[in-house]
Structure formats: C-alpha cells, structure tokens
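Asker: I'd like to ask you about the structure that follows.
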Amino acid sequence: MKESPLATFSRLMTGKVSRWVVIAVWILATAVLTIAWPAVNKTEVNNAPNLSENSPSVEAENLIKKEFPNSLNSPLSSRQWK
C-alpha cells in the first residue's frame, strides 16, 4: 500500500536531523522578518473619517465626559473597588 503524501511529508519533517532543520528555518525566518518589516508601534495609519456628532460612539463619549468628569468617579475605576 502506498503511503499518503501527508504521511510522507510528516515523516520527513520529524526525522532526527530534519526536526532541527525545521526549527532553524523557523528561527531564521522570524529573525529576517523582524529585521525586514518595521515594528507595529512605529507605523500608524489614521485615515478614518471623523464621526458625525450624532453617531452613537460620539454621543456615548460626550455622555461619559459629562457624567464622569474625572476618572475617579468612573464606574470602571479600580479605586472604587479597593
């Protein structure tokens, strides 16, 4: 009976030597991609349009600013629960 291609592939990738080759390739790929691509924190794309004043998220933000002018009175404040 002929071995399936997936079984052949897994047998080749899990040999005594080939498992270390696979790990080395992953480490090398990680290092190359880390150096080649910029860090996520260094790039910022903010091309979203400004929201209108009657959008729900803007209304919620205005209500939060009105009802909770400082962070100590916020319902999510950690000081409130200590």
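Quick note: the coordinates plus some simple rules give every number you see, no bench work behind them. A quick note: this is a predicted structure, and the numbers were derived from the prediction, not measured. Cβ: placed from backbone, ideal geometry, glycine included. Neighbour counts: every protein chain shown.
Asker: Under a Cβ-Cβ cut-off of 15 Å, what is the net charge of the residues other than K65 that fall near it, where Lys and Arg count +1 and Asp and Glu count -1?
Answerer: Once positives and negatives cancel, what remains is -3.
Asker: For A7 and V32, what does the FRET efficiency come to when R0 = 35 Å and r is the distance between their Cβ atoms, rounded to the nearest 0.05?
Answerer: 0.70
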